[in-house]
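These notes are about the structure you will find just below.
Read-outs throughout are calculated quantities, based only on the coordinates presented, and are distinct from any laboratory measurement. From a predicted model like this one, the values you see are computed outputs, not experimental measurements. Positions of Cβ are generated from backbone atoms using ideal geometry, with glycine treated the same way; all protein chains shown enter the neighbour counts.
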Amino acid sequence: MSTESKPLVFVTGAAGFLGSQIVHQLLEAGYAVRGAARGRKVAMLKKAFEKYPQFETAEITDIATADYSAAFEGVGAVIHAAAPLPGRADSETALNGAIEGSLHILREAEKAGIKKFIATGSMVTFPENAYGPNDWVPVTKEQAVEGNAFVLYIAEKKFGEQAVLDFADKHPEMDITIFCPPWIFGPLVPGFEHIVPEPDFAALSTDGFVYQLLRPDNANYHYSPGVLDVRDVARIHIAGLTPLTRDHPKRVPIVSPYPADFRDAIKYISDARPELRERLADPSKVPVWPSYKLDVDLAPVEKAFGISLGSYKTWKETILDTIDRFIELESHWKSKGLKVEVPAAPPM
Ligand SMILES: NC(=O)c1ccc[n+]([C@@H]2O[C@H](COP(=O)([O-])OP(=O)(O)OC[C@H]3O[C@@H](n4cnc5c(N)ncnc54)[C@H](OP(=O)(O)O)[C@@H]3O)[C@@H](O)[C@H]2O)c1
């Protein structure tokens, strides 16, 4: 496939659950990609995508403070999927890192003449049942500083998104979009074996909740309705590089149109993969909610980015593909003589 007229795309968080999926889909679509990771993950990332000649890595130790002058050379677009980890610094530093970190990478991109910038936001920045461009969850910086890690995460994403929008207003010459997914689940990308050469629950991100369906005493579930398959999140980010309308929305909530109940998930696995039945979680421990989907208008996503309503992965596809991929990964670990056990503690 030709890479002509397609920009070199710089992806942050490229060794992450979502970032690796974005890298994979970009490469499959013929884009040249420079993926950013840190520490030992740089070599793992290189190995994961070694079959693609148009893939290269960049070591970025901290996205919030890095010097991007060399890393942005030749880059035409940035997809910023890395998130500063909550709990690694005191809350004030973490909050400031999310805001200043977003502004830092935007300023560096502007300096390098990059015109396209896609950021991963989060559905948690919208209040329940209000997904308009000016709807914001009413969390304050003070509550974030005093609250638990999840309150801090919500605030980090909210004030980070607001900083990006403010920058976008001041820089109309740049095309900036924030996609806001809810909980992301879905199969780990081909090649992820190299990013998790041994069992590492933290590397699975929120997908750990799906992996824990393979633990009979599991009672850990995500905290609120609204999911989107990681493959859909990735393709929507990529569609953001070539919007169909010039005046597209800048902050875009994205969600699966299908209800996603983990009781159904357990049933899908039990019916389609009977060999896994004795490993399955007890459906009576799945939380009961009034609804298992979010009422988000997806028409703007279709109009501006060409994502049709019928093209989203169903909940059944998400669950069975994810479980099949975990079984593949387990076989890979076992073939290396490693001990494999689904952890008991929640992924977050
Ligand atoms: N997963 C979800 O359900 C969900 C839902 C809504 C939004 N999101 C957003 O989606 C994005 C990706 O999330 P994910 O689930 O893919 O998480 P993930 O697997 O933890 O990926 C995040 C990546 O960002 C990197 N990173 C974090 N802080 C960094 C820093 N200061 N400097 C350099 N790299 C840094 C991490 O590197 P290390 O591996 O080296 O730590 C990791 O590879 C995030 O923006 C997140 O807020 C996720």
Quiz item: Once both axes come from the Cα atoms, what is the angle between helix 262-272 and the longest principal axis of the chain, in degrees from 0 to 90, rounded to 10?
Solution: 60
Quiz item: Around residue 342, which amide H atoms from residues at least 5 apart in sequence, or from another chain, sit under 5 Å from its own amide H, with H modelled in the peptide plane?
Solution: none
Quiz item: Residue separation times 0.36 nm, minus the C-alpha to C-alpha distance between residue 324 and residue 90: what's the value?
Solution: 80.4 nm
Quiz prompt | Amide hydrogen neighbours beyond the local backbone of residue 178, cut-off 5 Å, H modeled | solution = 119, 251, 252
Self-check item: Positive-end residue, the chain charge dipole about Cα centroid, Cβ charges, pick of 124, 61, 333
Solution: 333
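Taking R0 as 35 Å, what FRET efficiency do you get between residue 50 and residue 141 from their Cβ-Cβ distance, rounded to the nearest 0.05?
0.20
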Quiz prompt | Using θ = phi - 60° and Karplus 6.51 cos²θ - 1.76 cosθ + 1.60, couplings along the range 150-163 (whole Hz; Gly, Pro as x) | solution = 6, 4, 4, 4, 4, 5, 4, 5, 4, 6, x, 4, 5, 5
Quiz item: Excluding same-chain residues fewer than 8 positions from residue 157, which aspartates and glutamates have a Cα within less than 19 Å of its Cα?
Solution: 62, 90, 92, 100, 128, 135, 142, 146, 166, 169
Quiz item: Between residue 224 and residue 317, what length comes free when the chain is fully extended (0.36 nm per residue of separation minus the Cα-Cα distance, one decimal in nm)?
Solution: 31.4 nm
Practice problem: Set the Förster radius R0 to 25 Å, insert the Cβ-Cβ distance between residue 43 and residue 67 as r into 1/(1 + (r/R0)^6), and round the FRET efficiency to 0.05. | Solution: 0.75
Quiz prompt | FRET E, pair residue 271, residue 111, Förster distance 56 Å, beta-carbon r, rounded to 0.05 | solution = 0.55
Practice problem: Pull out a ≥ b ≥ c, the square roots of the eigenvalues of the alpha-carbon gyration tensor of the range 104-205, then state rounded if a/c is under 1.5, prolate if not and a/b is larger than b/c, and oblate in the remaining case. | Solution: oblate
Self-check item: In Hz, Karplus ³J(HN,Hα) per residue of the range 178-189 (6.51, -1.76, 1.60; θ = phi - 60°; x = Gly, Pro)
Solution: 10, 9, 10, x, x, 5, 9, 10, x, x, 5, 5
Practice problem: Could you tell me which of rounded, prolate or oblate describes the range 209-299, using a ≥ b ≥ c as the square roots of the eigenvalues of the alpha-carbon gyration tensor, with rounded for a/c under 1.5 and, failing that, prolate when a/b is larger than b/c and oblate otherwise? | Solution: prolate
Quiz prompt | Cut-off 18 Å, label 7 Å out along Cα→Cβ of residue 170, residues of the range 66-81 by amide N | solution = none
Quiz item: Which of 307, 269, 105 comes first, and how do the rest follow, when ranked by fewest Cβ neighbours within 10 Å?
Solution: 307, 269, 105
Quiz item: Which angle between 0 and 90 degrees, to the nearest 10, do you get for helix 91-111 versus the longest principal axis of the chain when only C-alpha atoms count?
Solution: 50
Quiz item: In straight Cα distance, which lysines are under 21 Å from residue 303, not counting same-chain residues fewer than 8 positions off?
Solution: 116, 250, 313
Practice problem: Calculate for the chain the 222 nm mean residue ellipticity that helices alone would give, adding -39,500 (n - 2.57) per DSSP H run of length 4 or more and normalising by residue count, nearest 500 deg cm²/dmol. | Solution: -11000 deg cm²/dmol
Quiz item: Roughly how big is the range 249-348's charge dipole about its Cα centre, with Cβ charges of +1 (Lys, Arg) and -1 (Asp, Glu), in debye to the nearest 20?
Solution: 260
Quiz item: Based on the Cα atoms of the range 149-280, what semi-axes does the equivalent ellipsoid have, where each is the square root of 5 times one gyration tensor eigenvalue, given in whole Å with the largest first?
Solution: 34, 16, 15
Self-check item: Relative contact order (%) - the chain, alpha-carbon pairs under 8 angstrom, separation at least six
Solution: 17
Exercise. Write out the GluC sites (Glu not before Pro) in the range 43-109 meeting two conditions: DSSP loop, and at most 12 other Cβ atoms within 10 Å of their Cβ.
Key: 50, 73
Self-check item: Set of aspartates and glutamates near residue 285 by C-alpha distance (under 17 Å), chain-local residues within fewer than 8 positions excluded
Solution: 217, 261, 264
Exercise. Can you list which of the chymotrypsin sites (Phe, Trp or Tyr not before Pro) found in the range 180-234 are DSSP loop residues with at most 13 other C-beta atoms within 10 Å?
Key: 223
Practice problem: Return the sequence-ordered ³J(HN,Hα) values of the range 229-236 in whole Hz as given by the Karplus equation 6.51 cos²θ - 1.76 cosθ + 1.60 applied to θ = phi - 60°, using x for Gly and Pro. | Solution: 4, 4, 5, 6, 4, 5, 5, 5
Quiz item: Can you sort 116, 336, 157 by how many other beta carbons sit within 10 Å, fewest first?
Solution: 336, 116, 157
Self-check item: Peptides 16-23, 76-83 ordered by average Cβ neighbours within 10 Å, highest first
Solution: 16-23, 76-83
Exercise. Using the number of other C-beta atoms within 10 angstrom as an exposure proxy, rank 175, 169 with the fewest first.
Key: 169, 175
Quiz item: If amide H atoms are built 1.01 Å from N in the plane of the peptide, which residues on other chains or at least 5 residues away come under 5 Å of the amide H of residue 11?
Solution: 34, 35, 36, 79
